[in-house]
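Structure record follows, encoded as structure tokens.
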Amino acid sequence: MTDIKTCLLRAAQLQDVSDSARLDVELLLAHVFDKDRSYFFSWPEKALTSTQLATFEQFFARRLRGEPIAHILGEREFWSLSLQVNASTLIPRPDTELLVEIALELFPQQSIRALDLGTGTGAIALALASEKPLWHLLALDQSQAACELAESNRKMLAIDNVQVLQSNWFAALKAPALSAKRFDLIVSNPPYIDKDDHHLSEGDVSFEPLSALVADDAGLADIKHITAAAIDFINLGGYLLFEHGYNQAAAVRRILMAAGFANVKSEKDLNGNDRATLGRWPS
Ligand SMILES: C[S@@+](CC[C@H](N)C(=O)[O-])C[C@H]1O[C@@H](n2cnc3c(N)ncnc32)[C@H](O)[C@@H]1O
């Protein structure tokens, strides 16, 4: 008989692959039992059924091979929304909530039209839409699989002010039906990692698609492309807002200023790193 307490002790085996071994085991068990993590403190002696044990062992073996917890469980929390995740795109990160905070502060009152470029799971667009039911959001991604995931998250969360479309950056907006569309806010967490960055082969990142992570030109190619193209799709007085790497803020500010954006500034994440940069298209 294997009980909860015994399973929790297995965290020691995960120390080499995870900085959060104990939490990982708790999350796996929570999924197996379909209970809150607090359940384990009340019922440490509770035995697992043979089916529960088999599922736990399967999950544990995958985690031991380094597979991200989010992929094993098929979900990740972002901005208090539970989002489905899979290998087609990035697992949403808490860092990206900074973009949501900034966007909400930029437009506290108005009902605006916003564009989320490279939406992945739909994290940014769905978080904004959940806070601002009167905003109109368009969420684009080049990956068909990512678009299906974002659309499935949208439906699951019953959010009806987000439209998901497959598009290579702004390409779909050139279609006649959409060509008149301009936006008050264009937000993007694009690929921004240099192809030679050693982080690409480490931890969760090594299980995520390069198409969601890597950009040419020291990671800045997509930010440059989006900035140059945004001019045709942004309203006067509108904002362009990016997430980027901790050491790219100065370069991104230069890109925005060179394109004609005003009030360009960077904002710090919770670790004190400049991780988001925005600029205003002059009116
Ligand atoms: C860093 S992930 C961000 C995902 C999501 N917005 C988030 O913050 O969790 C970048 C996303 O951009 C998408 N992407 C990459 N190149 C693209 C392109 N040319 N056009 C549109 N989307 C693209 C990827 O498929 C991926 O989903």
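The values are calculated or read from the model by the stated rules, or taken from the named source; none is laboratory data. Here the structure is a predicted model, which means the values were calculated and not measured. Every residue, glycine as well, gets a Cβ built from its backbone with ideal geometry; the counts of neighbours run over all protein chains shown. Side chains are part of the model used for accessible areas, which takes the heavy atoms of the whole protein and leaves out ligands, DNA and RNA. Shrake-Rupley method; radii C 1.70, N 1.55, O 1.52, S 1.80 Å.
Check P94, P68 and return the single one that is open to solvent by 60 Å² or more (accessible area, probe 1.4 Å), under 30 Å from E243 (Cβ atoms) and either at pLDDT 95 or above or not basic (K, R) (or both).
Just a single option satisfies the conditions, and that option is P94.
Restricting the stretch 134-170 to residues that are within 15 Å of W79 (Cα to Cα) and outside any helix (DSSP H, G or I) leaves a set whose member that is least open to solvent (accessible area, probe 1.4 Å) is I159.
When residues in the stretch 8-43 are screened for being surrounded by 15 or more Cβ atoms within 10 Å (Cβ to Cβ) and in a helix (DSSP H, G or I), 17 of them pass.
Being modelled with pLDDT of 95 or more, surrounded by fewer than 20 Cβ atoms within 10 Å (Cβ to Cβ) and assigned to a loop (DSSP other than H, G, I, E, B) is a description that applies to A87.
On the given criteria, is F107 more than 21 Å from D141 (Cα to Cα), away from the ligand (no atom under 16 Å from the Cβ), in the same structural domain as A212 (by TED's automatic domain parsing) and open to solvent by less than 60 Å² (accessible area, probe 1.4 Å)? Break it down into steps so the answer makes sense when it comes.
Working: more than 21 Å from D141 (Cα to Cα): yes; away from the ligand (no atom under 16 Å from the Cβ): yes; in the same structural domain as A212 (by TED's automatic domain parsing): yes; open to solvent by less than 60 Å² (accessible area, probe 1.4 Å): yes.
So F107 passes the test.
Within the stretch 44-84, the set of residues being in a helix (DSSP H, G or I) and of a type in the set (V, I, T) comprises T51, T55, I69, I72.
Take R113 and tell me if it is open to solvent by 50 Å² or more (accessible area, probe 1.4 Å) and outside the structural domain of E131 (by TED's automatic domain parsing). Outline the logic, then answer.
Working: open to solvent by 50 Å² or more (accessible area, probe 1.4 Å): yes; outside the structural domain of E131 (by TED's automatic domain parsing): no.
Considered against the rule, which asks whether it is open to solvent by 50 Å² or more (accessible area, probe 1.4 Å) and outside the structural domain of E131 (by TED's automatic domain parsing), R113 comes out as no.
The set of residues from the stretch 207-221 being more than 12 Å from the ligand (Cβ to nearest atom) and within 16 Å of the chain's Cα centre (by Cα) comprises just one member, F207. Please pick out the residue among L178, L149, L157 that is more than 13 Å from the ligand (Cβ to nearest atom) and in contact with a strand residue (DSSP E or B) (Cβ under 8 Å, 6 or more places away or on another chain). The conditions single out L157.
Among residues of the stretch 165-188 that are closer than 14 Å to I231 by Cβ, those with a beta-carbon under 8 Å from a residue that is at pLDDT below 85 and outside any strand (DSSP E or B) at least six positions away or on a different chain give the pairs L173/S179; L173/K181.
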